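The values are calculated or read from the model by the stated rules, or taken from the named source; none is laboratory data. Every value quoted in this text rests on a predicted model; they were computed, and no experiment measured them. Cβ atoms come from the backbone with ideal geometry, glycine included; neighbour counts cover every protein chain shown. Side chains included, ligands, DNA and RNA excluded: accessible areas come from the protein's heavy atoms. Shrake-Rupley method; radii C 1.70, N 1.55, O 1.52, S 1.80 Å.
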Amino acid sequence: MIIVLLGPPGAGKGTQAARIMEAQGLVQLSTGDMLRAAVAAGTEVGIKAKEFMAAGKLVTDEIVIGIIADRIEEDDCRDGFLLDGFPRTVAQAQALDKLLNDKDRKLDVVIEMKVDDESLVDRITGRYICAECKQGYHDTNLKPQKADVCDGCGSTNFTRRADDNRETVTARLATYHAQTAPLLPFYAAQGVLRTVDGMADINAVAVEINDVLSRL
Ligand code: ADP
Ligand code: AMP
């Protein structure tokens, strides 16, 4: 199965991707995670991407399409994959269609996670992750069961993203509306778009997504 999770920053894509991965045995491909790894490693891609990411702008189509083109050729993508944060422009979506067509593959579903902009600011500024196993948390919405101890791996080391600050969030939301929202009519026209209520609590969103997947 090939799934795209589409939605603004903070919509809950990463949170739900972790659950879908577990339930469906699919690998999660997050271009944001890949780019942050490239920045941390100081690779050529990382050096090119860093300024765009810090400003809340999109990295060039050429860079992210190149990353995804290589990644989906790997063995663990043979039976399908879950895209989180890609595509983010119509040009990226067209490139993805072509990459899949060339291999006689196709997208099964695009799941839009719909969340109000006001809630997104709170979700993003309250987000943090375990520095060891990368499990995601939120200051008020999703705390570890034992204070300051990761549920997943027991680490007490947590970290926040450099771009999860109020100024960059505003730019990232504007970028989403200008460049990524046009993907909604694009995928609706292909008949693959399904919309879930991302405002619901995390478990309820997971149930709605499971429902969408079970109807395919
Ligand atoms: P995205 O990957 O779309 O940027 P995340 O999955 O990282 O978003 O979620 C952003 C923040 O909001 C995280 O701190 C997460 O714990 C929290 N969150 C995710 N889904 C929900 C939800 N349905 N309700 C409340 N908070 C949520
Ligand atoms: P994310 O982790 O999905 O919130 O992405 C973090 C940042 O990485 C974005 O604000 C962009 O600068 C960059 N990025 C991630 N995915 C893409 C993409 N598909 N196209 C362009 N830029 C991207």
Output the number of the condition that residue 130 fails; it satisfies all remaining conditions of (1) open to solvent by less than 10 Å² (accessible area, probe 1.4 Å); (2) farther than 30 Å from residue 158 by Cβ; (3) over 16 Å from the mean Cα position of the chain (by Cα). (2)
With the first residue restricted to region 127-156 and required to be touching a residue at least 12 places away in the same chain (Cβ under 8 Å), and the second required to be open to solvent by 80 Å² or more (accessible area, probe 1.4 Å), Cβ contacts under 6 Å at 6 or more apart or on different chains are 128/160; 151/145; 153/132; 155/132
Of all residues in region 161-189 being assigned to a loop (DSSP other than H, G, I, E, B) and near ligand 1 (Cβ under 10 Å from one of its atoms), which is surrounded by the most Cβ atoms within 10 Å (Cβ to Cβ)? 164
Is it the case that region 6-23 has a residue that's away from ligand 1 (no atom under 13 Å from the Cβ) and either without any contact (Cβ under 8 Å) to a residue 60 or more places away in the chain or closer than 23 Å to residue 174 by Cα (or both)? yes
Output yes when any residue across region 181-193 is under 19 Å from the mean Cα position of the chain (by Cα), more than 16 Å from ligand 2 (Cβ to nearest atom), of a type in the set (A, V, I, L, M, F, W, C) and under 17 Å from residue 7 (Cβ atoms), and no when none is. yes
Scanning region 22-51 residue by residue, those open to solvent by 30 Å² or more (accessible area, probe 1.4 Å), part of a helix (DSSP H, G or I), under 30 Å from residue 205 (Cα atoms) and at pLDDT 95 or above turn out to be 33, 34, 36, 37
Cross-chain or 6+ apart pairs with Cβ under 8 Å, region 190-214 first and assigned to a loop (DSSP other than H, G, I, E, B), then more than 16 Å from ligand 2 (Cβ to nearest atom) and open to solvent by less than 20 Å² (accessible area, probe 1.4 Å): 192/109; 198/205
Would you list the helices (runs of 4 or more DSSP H) that sit entirely within region 52-126 and hold 3 or more residues that are within 16 Å of ligand 1 (Cβ to nearest atom) and in contact with a Lys or Arg (Cβ under 9 Å, 6 or more places away or on another chain)? 117-125
Qualifying positions in region 75-103 - within 26 Å of residue 210 (Cα to Cα) and exposed (fewer than 14 other Cβ atoms within 10 Å of the Cβ): 75, 76, 78, 79
